[in-house]
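Down below is the structure, laid out as structure tokens.
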Amino acid sequence: MLALTGTTGRIGGATLAAILKYDLISPSELVILTSSSPSSQPSSYAQLAESGTRILQANYDDPDSLTKAFAEAKADRFFLVSTPAIQMDFNDAPHGQGREKAHFSAIDAAVAAGVKHIYYTSLAFADGSQAGVMRAHFRTEAYLKKLRSEGKVGYTFIREGLYNESWPLYLGHYKPKGDEREEIVVAGDGPVSWTSVQDLGIGTATIITDRTDRWKDATMFLSLRHSLTLKESLAIVDGKKSLKVVSSEEYIRHYEEAGMPRAMLEWWCTTYPSLEAGHARIQDGTLEEILAAKGKKPDELAETVRAMKA
């Protein structure tokens, strides 16, 4: 039995969609853990329930709900999507108080209920990255490695390529519709192996439904190998705009004056040194192999940009 979280979000939703589209596992072998109330759940959940999928309420912020859900789920595998509550990471959150706090609660509840293997989704930054967005991911991975060393649970870390759909965040908080700036301010530039959420969902779904030991206790980088710098990416978005690279201090000041919260900017600007160091340039062909086996052509960044600007 496979328990899934985050299925109303980007990666979780794309993963569930791929599982169903490619018939990778029977719906009766799926358990969806959701924080949404029955009245606000998508209609697709009702259709899944008719196919035998169990829908259980569980909230990262409510350990009791997690304990109850896992006890009822009786799952041996757990797909853990990281919480989107990035504000937990702001202001250099100490260990155990960032987003990893929610992850630890979910992991503890799963292990206590007898889950034998946990698939954790992270981001495709290389080891050593100092990007604030990776701090909670690294802490969660370390926690799972510790539990593995104690013989309590196995793991697979799936570091998802930087989403095609997230280009506005990296390109100076770009507004896809109607951004009138001539100059886009960033705090660094470097190659990014952009990958669409749909393609990542297919790769992730393939891994978490594979019953072999191929992915056991492994760190997988799911990404396309082709990369573009932010300058090259901006040329795709709008060739008339220019990219201006400034210091972290100037970046924070620039966007704070535009009305953005300083704590978020301090956290996010740490991403750019990792781009400059090449930490988001991935040369792992695993995802491309999976897509080829499914007969799926990878989505290009230009396609995503056009769709988001339309």
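Of the residues Tyr163, Tyr155, Tyr143, which single one is over 24 Å from Glu256 (Cα atoms), within 15 Å of the chain's Cα centre (by Cα) and in contact (Cβ under 8 Å) with a residue 40 or more places away in the chain? Even if it seems obvious, please write down each step before you answer.
Values: Tyr155 fails: within 15 Å of the chain's Cα centre (by Cα); Tyr143 fails: within 15 Å of the chain's Cα centre (by Cα).
Checking each option against the conditions leaves just Tyr163.
Residue by residue, here is whether (1) within 16 Å of Gly172 (Cβ to Cβ); (2) of a type outside the set (A, V, I, L, M); (3) crowded, with 19+ Cβ neighbours inside 10 Å; (4) touching a residue at least 12 places away in the same chain (Cβ under 8 Å) holds:
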residue: Met260; (1), (2), (3), (4): yes, no, no, yes
residue: Asp284; (1), (2), (3), (4): no, yes, no, yes
residue: Ala292; (1), (2), (3), (4): no, no, no, no
residue: Asp299; (1), (2), (3), (4): no, yes, yes, yes
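When you go through (1) in contact (Cβ under 8 Å) with a residue 60 or more places away in the chain; (2) out of contact with any Gly (no Cβ under 6 Å at 6 or more places or on another chain); (3) within 27 Å of Glu141 (Cβ to Cβ) one by one for Tyr60, which number turns out not to apply?
Of everything listed in (1) in contact (Cβ under 8 Å) with a residue 60 or more places away in the chain; (2) out of contact with any Gly (no Cβ under 6 Å at 6 or more places or on another chain); (3) within 27 Å of Glu141 (Cβ to Cβ), Tyr60 misses just condition (1).
Let me spell it out: the conditions are (1) under 16 Å from Ile158 (Cβ atoms); (2) of a type in the set (Phe, Trp, Tyr); (3) not in a loop (DSSP other than H, G, I, E, B), and Phe104 meets all of them except one. Which number is the exception?
(1)
Read through the list (1) surrounded by 15 or more Cβ atoms within 10 Å (Cβ to Cβ); (2) modelled with pLDDT under 95, then give the number of the only condition that Leu230 fails.
Of everything listed in (1) surrounded by 15 or more Cβ atoms within 10 Å (Cβ to Cβ); (2) modelled with pLDDT under 95, Leu230 misses just condition (2).
If we keep just the residues of the range 262-282 that are under 24 Å from Met220 (Cα atoms) and of a type in the set (A, V, I, L, M), which is surrounded by the fewest Cβ atoms within 10 Å (Cβ to Cβ)?
Ala277
Select, from Tyr170, Tyr119, the only residue that is surrounded by 17 or more Cβ atoms within 10 Å (Cβ to Cβ), closer than 25 Å to Leu33 by Cβ and in contact (Cβ under 8 Å) with a residue 12 or more places away in the chain.
Going through Tyr170, Tyr119 in turn, the sole match is Tyr119.
Phe70: in contact (Cβ under 8 Å) with a residue 60 or more places away in the chain and buried (at least 19 other Cβ atoms within 10 Å of the Cβ), yes or no? Show your work before the answer.
Working: in contact (Cβ under 8 Å) with a residue 60 or more places away in the chain: yes; buried (at least 19 other Cβ atoms within 10 Å of the Cβ): yes.
So Phe70 passes the test.
Just to confirm my filter: which strands (runs of 3 or more DSSP E) fall fully inside the range 127-236 and include at least 1 residues that are of a type outside the set (D, E, K, R) and closer than 14 Å to His279 by Cα?
Details: elements: 154-160, 183-186, 218-222.
Answer list for the range 127-236: 218-222.
The values are calculated or read from the model by the stated rules, or taken from the named source; none is laboratory data. A quick note: this is a predicted structure, and the numbers were derived from the prediction, not measured. As a convention, Cβ positions derive from the backbone with ideal geometry for all residues, glycine included, and neighbour counts pool all protein chains shown.
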